[in-house]
1. Work out how much length Leu209 to His240 would gain on full extension: take 0.36 nm times their residue separation and subtract the Cα-Cα distance, in nm to one decimal.
2. For Ile32, what charge total do you get from the other residues with a beta carbon under 13 Å from its beta carbon, if Lys and Arg give +1 and Asp and Glu give -1?
3. Between Asp230 and Ala4, 0.36 nm times their residue separation minus their Cα-Cα distance comes to what?
4. Among the lysines, which have Cα under 20 Å from the Cα of Lys197 when same-chain residues fewer than 8 positions away are ignored?
5. Is the shape of region 222-392 best called rounded, prolate or oblate, per the rule: a/c under 1.5 gives rounded, else a/b larger than b/c gives prolate, else oblate, with a ≥ b ≥ c the square roots of the Cα gyration tensor eigenvalues?
6. Kindly state, to the nearest 0.05, the FRET efficiency for Thr146 paired with Phe192, given R0 = 25 Å and r defined as their beta-carbon distance.
7. Extension gain Ile117-Arg66, at 0.36 nm per residue separation less the Cα-Cα distance, in nm?
8. Using a Cα-Cα cut-off of under 17 Å, which aspartates and glutamates could be cross-linked to Lys122, ignoring same-chain neighbours fewer than 8 residues away?
Amino acid sequence: MSFAALGLSDDIVRAVHELGYTVPTPIQQQAIPAVLSGGDLLAGAQTGTGKTAGFTLPILHRLSNRASKGPSTGRPPVRALVLTPTRELAAQVEESVRNYGKHLKLTSMAMFGGVSINPQIKTLRSRVDILVATPGRLLDHVQQGTIDLSQIEILVLDEADRMLDMGFIRDIRKILALLPRDRQNLLFSATFSDEIKALADGLLKSPALIEVARRNATADTIAQKIHPVDRDKKRELLAHLIKTNNWFQVLVFTRTKHGANRLAEQLGKDGISAMAIHGNKSQGARTRALSEFKDGSLQVLVATDIAARGIDIDQLPHVVNYELPNVPEDYVHRIGRTGRAGAEGEAISLVCVDEKKLLADIEKVIKRELPREVVPGFVPDPNARPEPIQQRSSGGPRQGQGRSAPRSASGNANGNRGNGQARQPVGQSGNHNSRGAGPGRKPTGRHH
């Protein structure tokens, strides 16, 4: 199977080949023809399966092969809208749009918070065919009257499960109410929770259904291993593993922002170049850390779950769970940063006595027991007694406990204004009635 055989234009296929891709992944083989057909799509795909190209390639093809439905005079309308949960993912998706569409005349833009809104307003005054945005900043532009969503032809909700987890359902409903009834809807989610099913039922019309990996499955190309260790020896063990094995491009997960900062600082004292990435970092600092990590000049990137969601690095070799996540499904998302699109990867978890229950929950979700390997010199104390994890946090509330909602206004962890509600039931108000609310309808105000 080739990209050309999927029905994509020569200009798009040429760009894909120039980027080094020749064979589409399973999600691409199924999603691209489905999107090209013009119908709605509900796709279940774990991270690292190539889903971004699965919707950006056919969107580029569709928009470049037909004229805009907008007015013939004045500023050309935004034709495709991709909503993402985080700044990093928005930037990553828009970069893919630019790379795959470099031989086309279509234009694109990434829109997210955490940066000045004025350059975005200036860009919107020119032509933008494809907009990739986080919900909060998009609604900021709507309120200021700097964007018109009335001519959207294609809507994509990317990583919809994470958007619901982060409390963006009200923002999503407001955005849906501003879109025209006649449009194509594409929903991508790593998991199909009841909330996602309710959202899909209300949003999608007779959708094609694609699921390329069973729910909460981990890729076969990822070698997973547990290193039992005492809690106060974790940092020493991590440094030992990195130095002994000469690891580079190591993505390390912690539960808290404070823990990420502290670990990065300690690794630096051990002679290992490391930086932390999380919601309290400025957008410039996050972008710089990601850039240095991608080009190999930074050995270790220490991240929290939400901040790492948009990291897309080909053949990332090592992921380390310095602390296990409280939500077992997040383990799948974490280790999915490696072993991407068929490449091999390694996922190591440093587990102390406090985390035995978390480990059991993870193994129940992924339906397999992970191999244990004690590292010589780091044999855990058999008499160690567990401590409640939430009582050991020295840096504020734990991330992942109940999946906290984003902070409002400028303090939002991902540059989006949340609504203060985490995992709110969707109900049916995001249904076809919202879709038909009319292109000229004004927002009724934001909830902060």
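1. Values: separation 31, 0.36 × 31 = 11.16 nm, distance 4.57 nm.
In short, 6.6 nm is gained.
2. Value of the local net charge: +2.
3. Stretched out fully, the Asp230 to Ala4 stretch lengthens by 76.0 nm.
4. Straight-line reach from Lys197, under 20 Å: Lys51, Lys174, Lys205.
5. Numbers: a/c = 1.44, a/b = 1.31, b/c = 1.10.
In terms of gyration-tensor shape, rounded.
6. For R0 = 25 Å, the calculated efficiency reads 0.10.
7. Working: separation 51, 0.36 × 51 = 18.36 nm, distance 3.12 nm.
Net length gain for the segment: 15.2 nm.
8. Asp140, Asp148
All of the numbers you see were taken from the coordinates with simple rules; none came from a lab. Being a predicted model, the structure only gives us computed values, none of them experimental. Note: ideal-geometry Cβ built from the backbone for every residue, glycine included; neighbour counts use all protein chains shown.
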